[in-house]
Amino acid sequence: MAGPEKKLLRALRGESFPVPPVWMMRQAGRYLPEYRATREKAGSFLDLCYNPDLATEVTLQPIRRYGFDAAILFADILLVPQALGADLTFVQGEGPRLSTVTSARDLEQLRPADEIHETLSPIYETVAQLRGELPPDTPLIGFAGAPWTVATYMIAGRGTPDQAPARRLLYSDTQTFDALIDRIAEATTLYLLEQIKAGAEVIKIFDSWAGALPGPWFRRYAIEPVARIIGDLRKAYPDVPIIGFPRGAGAGYLAFAEEAGAQAIALDTSVDPDWAAKALQTQMCVQGNLDPLLLVEGGEPLRKETARIKRGFAGGPHIFNLGHGITPQADPSHVDQMLEVIRNDA
Ligand code: CP3
């Protein structure tokens, strides 16, 4: 690509910087008044996701306001189940509701993985539109959910605190569970290939519920399906870096870093930067991991912890980010406080 190399891409290739590149999970979201206004205009969250003009607009909002070093496509991990034929709605204030998949018969009702594109084509259009409108030094991150996390929502039909329905299906009908994981993995690969074809320059795979997998199953369901997706993406696009996010993996972070094939690993809030700098950052770029609650809190605690993370990861490749998504309660001016500390290169 012509022009100066984008800082985030350089970090993903192993470079470290006195001022690390920074973006935030859920940076386009309800904490921003301009996001709430655009969502209102769209009608609903899903109408917003499937409207390329408005999805482009909300993706750009946090870039305009804060000048982040990356934009993330505005969409949702649950669009893949919807494209596979699940009914999906978002209940205001309560989260997603889906038709459930808990038997071989339910699985048969789903579409084949290669029939997802009709539903998802507006998303590819958003990606292409964004590549035309983003500042030249701001790369675009495409994304999808990891098969385990997407499966937890498809099996339970909603978010749950501990993913009990998915764990029970894993034990009671392993065959159906495995077939569901495979269907999601296949669809996810095809979805991400199209995002890259349309212009996504980095891919992030969100395994938000990796920490709910029983330990002995972590490798089988949090690493293997993601490694297969990454392998297939890199066969077609060897230069597109991939960020893995096995949230809550604990000790599993080590095996994930070694075996999943990702170029960077996103750290959740529970990970101690001092440990991760030695155990993970010596192998690859790390991303993270400020507690999102500090953006509700603001002030000295925010400044102190931002500085701690910046310092902790100063010795290697680091992308500054949160340990999970920014919450609707966060104060937009606190993001400025965080950025002041990150961008002050003292
Ligand atoms: O700015 C960005 O980060 C890009 C857009 C994005 C959204 N969701 C928009 C969204 C991304 C990357 C996601 C990923 C996502 N979606 C994950 C993985 C990351 C994580 O947070 O763990 C998960 C688990 C989902 C599923 C999901 N989407 C849930 C459970 C909910 C409801 C809970 C909530 O936070 O509201 C959503 C809704 C959602 N996705 C919103 C946004 C901006 C809020 C919807 C609204 O505007 O009302």
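The values are calculated or read from the model by the stated rules, or taken from the named source; none is laboratory data. In this text the structure is predicted, and so the values were computed from the model without any measurement. FYI the Cβ positions are ideal-geometry reconstructions off the backbone, even for glycines, and counts take in every protein chain you see. Keep in mind that these areas ignore ligands, DNA and RNA; they rest on the heavy atoms of the full protein, side chains included. Shrake-Rupley method; radii C 1.70, N 1.55, O 1.52, S 1.80 Å.
Over the Cα atoms of region 12-342, compute the convex hull volume and normalise it per residue, giving Å³.
119
About the centre of its Cα atoms, region 283-346 shows a dipole size close to 260 debye [charges on the beta carbon of Lys, Arg (+1) and Asp, Glu (-1) only; nearest 20 debye].
If each residue of separation counts as 0.36 nm, what is the full-extension length gain between Asp331 and Glu300 once their alpha-carbon separation is subtracted?
So the extension gain works out to 9.7 nm.
Summary of packing: across the peptides 45-54, 242-251, the per-residue average of other C-beta atoms within 10 Å ranks them, highest first, as 242-251, 45-54.
The 3J(HN,Hα) values that the Karplus relation (6.51, -1.76, 1.60; θ = phi - 60°) gives for region 147-161 are, in residue order, x, 4, 5, 5, 4, 4, 6, 5, 7, 7, x, 5, x, 9, x Hz. Gly and Pro appear as x.
Solvent exposure of Leu193, expressed as accessible area, is near 40 Å², computed with a probe of 1.4 Å over the protein chains only. When the chain is treated as a Gaussian network with alpha carbon springs shorter than 10 Å, the biggest mean-square fluctuation among Tyr124, Tyr35, Tyr171 belongs to Tyr171. The HN-Hα couplings worked out from phi for region 108-122 by the Karplus form 6.51 cos²θ - 1.76 cosθ + 1.60 (θ = phi - 60°) are 4, 6, 6, 6, x, 4, 7, 9, 7, 5, 4, 5, 8, 4, x Hz, whole numbers, x standing for Gly and Pro.
Run through the DSSP bridge list for the chain and note the antiparallel percent, rounded to the nearest 5.
Around 15 percent antiparallel, to the nearest 5.
In this view, the solvent-accessible surface of Trp275, computed with a 1.4 Å probe and all protein chains in place, comes to about 100 Å².
Estimated from helices alone, the mean residue ellipticity of the chain at 222 nm is -14500 deg cm²/dmol (sum of -39500 (n - 2.57) over DSSP H runs with n ≥ 4, per residue). A cut-off of 5 Å between modelled amide H atoms, ignoring neighbours fewer than 5 places along the same chain, links Ile319 with Val286, Gln287, Gly288. Met284 exposes around 20 Å² of accessible area when a 1.4 Å probe is run over every protein chain in place. The Cα atoms of region 199-330 define a convex hull whose projected area, averaged across directions, is 8.5 nm². Ordered by 1.4 Å accessible area with all protein chains kept, Tyr153, Tyr237 run largest first as Tyr237, Tyr153.
For region 33-121, GluC sites (Glu not before Pro) meeting the loop criterion (DSSP other than H, G, I, E, B) and having at most 16 other Cβ atoms within 10 Å: Glu94. Remark: region 13-19, residue by residue, has Karplus-estimated 3J(HN,Hα) of 8, x, 7, 10, 9, x, 10 Hz, where x stands for each Gly or Pro and the curve is 6.51 cos²θ - 1.76 cosθ + 1.60 at θ = phi - 60°. Measure up Lys197/Lys278; Lys41/Lys310; Lys7/Lys235; Lys7/Lys304; Lys41/Lys197; Lys197/Lys310 against 27 Å on the Cα-Cα distance and list the ones that go over. In this structure, Lys197/Lys278; Lys41/Lys310; Lys41/Lys197; Lys197/Lys310 exceed 27 Å between Cα atoms.
Annotation: amide H of Gly145 within the under-5 Å range of Phe206, sequence separation 5 or more or interchain, hydrogens built in the peptide plane.
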